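K.L.:
One structure, pasted below without further comment.
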2 protein chains.
Amino acid sequence: MKALLKDIEEEILSAGGKRSRSRAAVMEQFFRTRNHTTVEELTRAVRTRFPRIGAVTVYRTLKLLARMGYATELDFGDGARRYESSLSSHHDHLVCTVCGAVIEFENKDIEKLQDLVTLRHGFRPAAHRLEIFGRCRKCAANGAEGRNE
Amino acid sequence: MKALLKDIEEEILSAGGKRSRSRAAVMEQFFRTRNHTTVEELTRAVRTRFPRIGAVTVYRTLKLLARMGYATELDFGDGARRYESSLSSHHDHLVCTVCGAVIEFENKDIEKLQDLVTLRHGFRPAAHRLEIFGRCRKCAANGAEGRNE
DNA sequence: TTTGATCTTGAAATTCATTTTCACATTACA
DNA sequence: TGTAATGTGAAAATGAATTTCAAGATCAAA
């Protein structure tokens, strides 16, 4: 973790950037925080320790991490962009449209089939995103209605 | 097509809605227009024939169609929500981050694997979305840089 | 067909996430 | 240490999407 932050800082340096306390604080909090966090959540979290850090810096830092490949932008259709660390192994999402729960899953076979598809189209994949929307076990049992029903 | 519009109108009626010329015009244009259209594009198209129709009505109509299951909301990460008719068979997308080209593909095997995954989690799927981002054949050959590089 | 309740509309106002601007602070490196 | 460049935060700007509201349509009952 300590090492990770150092690596990122050095990558920024060698790309012509500079170190910054604010950015370091945001990055550390980001890799600490639960996954699928929004800018708003992360800003609040960072501010408990560094009250003067602005939301703009959080936006900028997350965008930077995404550009460098350390974070992934997500969209679960609720109007707020979410970010997750891209360091843990790749996974996709089951999103419950009733209670908002997000279940992560990993499926190598699906990935392999995706590679076949891209190959067939001469397409060079860089990233992908698979989200399945529906009702989680609990909400399906309750027979409750979802956001779009 | 004529029949489709009639069906939708009747579904709206039996749900307590009323007929409307504006909405009919938007719907007809929507099913005529190329896929992956934005509200802005569709508004412009509708207005060539009905200049007084407002963008608000287009927003409302597309949202309605999505709620009724006749349209699907998409997000290719370029800041504008897109809609496609959900009448043609389901497919997913390869999105070129260099030139913006969108290639549709269909893969039953991937869908089957998805069903297995949801089953395993007791999840009742209602919709899913799979987008693969990267470079299309042409842009990969050119060695050009993409939006996020 | 008139009436009246209800839905729909379009323009303008509003909301809300995100981006840009800008003056000032911080950092890197000579 | 000087200084050129990058980073910061507050406020302003942007832009897509939604809400509001008064006026216009539509439908069903009388």
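The values are calculated or read from the model by the stated rules, or taken from the named source; none is laboratory data. Just so it is clear, the model here is predicted, and its values are computed rather than measured. Don't worry about glycine lacking a Cβ; one is built from the backbone with ideal geometry, like all the others, and counts go over all protein chains shown. Ligands, DNA and RNA are stripped out before the accessible areas are found, and what is left, the full protein with its side chains, is counted by its heavy atoms. Shrake-Rupley method; radii C 1.70, N 1.55, O 1.52, S 1.80 Å.
K.L.:
Would you mind stating whether residue B:124 is of a type in the set (Lys, Arg) and at pLDDT below 90?
P.N.:
Values: of a type in the set (Lys, Arg): yes; at pLDDT below 90: no.
Taking the combined requirement at face value, the residue does not satisfy it.
K.L.:
Ok, one more. Do we find that residue B:112 is within 16 Å of the chain's Cα centre (by Cα) and among the basic types (Lys, Arg) in this structure? First the steps, then the outcome.
P.N.:
Working: within 16 Å of the chain's Cα centre (by Cα): no; among the basic types (Lys, Arg): yes.
No, not satisfied.
K.L.:
Right, residue B:18: in a loop (DSSP other than H, G, I, E, B), within 11 Å of DNA strand D (Cβ to nearest atom), of a type outside the set (A, V, I, L, M) and open to solvent by 50 Å² or more (accessible area, probe 1.4 Å) or not?
P.N.:
Against the criterion (in a loop (DSSP other than H, G, I, E, B), within 11 Å of DNA strand D (Cβ to nearest atom), of a type outside the set (A, V, I, L, M) and open to solvent by 50 Å² or more (accessible area, probe 1.4 Å)), residue B:18 qualifies.
K.L.:
Of the residues A:118, A:57, A:61, A:72, which single one is within 28 Å of residue B:138 (Cα to Cα), assigned by TED's automatic domain parsing to the domain that holds residue A:28, of a type in the set (Ser, Thr, Tyr) and not in a loop (DSSP other than H, G, I, E, B)? Reasoning before the result, please.
P.N.:
Values: A:118 fails: assigned by TED's automatic domain parsing to the domain that holds residue A:28; A:57 fails: within 28 Å of residue B:138 (Cα to Cα); A:61 fails: within 28 Å of residue B:138 (Cα to Cα).
Just a single option satisfies the conditions, and that option is A:72.
K.L.:
Let me ask something else about it. Which of the numbered conditions does residue A:110 fail, given that it passes all the others? Conditions: (1) open to solvent by 40 Å² or more (accessible area, probe 1.4 Å); (2) in the same structural domain as residue A:142 (by TED's automatic domain parsing); (3) aliphatic (A, V, I, L, M).
P.N.:
Unmet condition: (1).
K.L.:
Considering the stretch B:1-15 alone, what residues qualify as being within 9 Å of DNA strand D (Cβ to nearest atom) and among the charged types (D, E, K, R)?
P.N.:
B:9
K.L.:
How many residues are without any contact (Cβ under 8 Å) to a residue 24 or more places away in the chain, over 16 Å from residue B:86 (Cα atoms) and within 13 Å of DNA strand C (Cβ to nearest atom) when one looks only at the stretch B:22-43?
P.N.:
2
K.L.:
Output the number of the condition that residue B:80 fails; it satisfies all remaining conditions of (1) open to solvent by 40 Å² or more (accessible area, probe 1.4 Å); (2) assigned to a loop (DSSP other than H, G, I, E, B).
P.N.:
Going through (1) open to solvent by 40 Å² or more (accessible area, probe 1.4 Å); (2) assigned to a loop (DSSP other than H, G, I, E, B) one by one, residue B:80 breaks only (1).
K.L.:
A further question follows. Taking the stretch A:1-15 as the search range and keeping residues that are farther than 23 Å from residue A:81 by Cβ, within 11 Å of DNA strand C (Cβ to nearest atom) and part of a helix (DSSP H, G or I), which one is least open to solvent (accessible area, probe 1.4 Å)?
P.N.:
Among them, the one singled out is A:9.
K.L.:
Please work out if residue A:66 is in a helix (DSSP H, G or I) and either among the basic types (Lys, Arg) or more than 11 Å from DNA strand D (Cβ to nearest atom) (or both).
P.N.:
In short, yes.
K.L.:
Then there's this: Evaluate the stretch A:84-106: report whether one residue or more is part of a strand (DSSP E or B), more than 13 Å from chain B (Cβ to nearest Cβ) and either more than 10 Å from DNA strand C (Cβ to nearest atom) or surrounded by fewer than 16 Cβ atoms within 10 Å (Cβ to Cβ) (or both).
P.N.:
Scanning the stretch A:84-106, I find at least one residue that is part of a strand (DSSP E or B), more than 13 Å from chain B (Cβ to nearest Cβ) and either more than 10 Å from DNA strand C (Cβ to nearest atom) or surrounded by fewer than 16 Cβ atoms within 10 Å (Cβ to Cβ) (or both), so the answer is yes.
K.L.:
How many residues does the stretch A:44-83 contain that are away from chain B (no Cβ under 11 Å), of a type in the set (Lys, Arg) and within 12 Å of DNA strand C (Cβ to nearest atom)?
P.N.:
3
K.L.:
Follow-up. Name the pairs: first residue in the stretch B:53-64 and open to solvent by less than 40 Å² (accessible area, probe 1.4 Å), second residue among the charged types (D, E, K, R), Cβ to Cβ under 7 Å, at least 6 apart or on different chains?
P.N.:
That search, which allows pairs on different chains as well, returns B:53/B:47; B:57/B:23; B:61/B:23.
K.L.:
Being at pLDDT below 95 and outside any helix (DSSP H, G or I), is that true of even one residue in the stretch B:44-51?
P.N.:
no
K.L.:
With A:63, A:18 as the choices, which residue is closer than 28 Å to residue A:104 by Cα and of a type in the set (Lys, Arg)?
P.N.:
Answer to the check: A:63.
K.L.:
Does residue B:118 qualify as being within 11 Å of another protein chain (Cβ to nearest Cβ), open to solvent by less than 80 Å² (accessible area, probe 1.4 Å) and modelled with pLDDT of 95 or more? Even if it seems obvious, please write down each step before you answer.
P.N.:
Values: within 11 Å of another protein chain (Cβ to nearest Cβ): yes; open to solvent by less than 80 Å² (accessible area, probe 1.4 Å): yes; modelled with pLDDT of 95 or more: yes.
Considered against the rule, which asks whether it is within 11 Å of another protein chain (Cβ to nearest Cβ), open to solvent by less than 80 Å² (accessible area, probe 1.4 Å) and modelled with pLDDT of 95 or more, residue B:118 comes out as yes.
K.L.:
From (1) part of a helix (DSSP H, G or I); (2) near DNA strand D (Cβ under 9 Å from one of its atoms); (3) more than 14 Å from chain B (Cβ to nearest Cβ), pick out the condition that doesn't hold for residue A:27.
P.N.:
(2)
K.L.:
Kindly evaluate residue A:37 against the criterion of being more than 24 Å from residue A:110 (Cβ to Cβ), surrounded by fewer than 18 Cβ atoms within 10 Å (Cβ to Cβ) and away from DNA strand D (no atom under 13 Å from the Cβ).
P.N.:
So residue A:37 fails the test.
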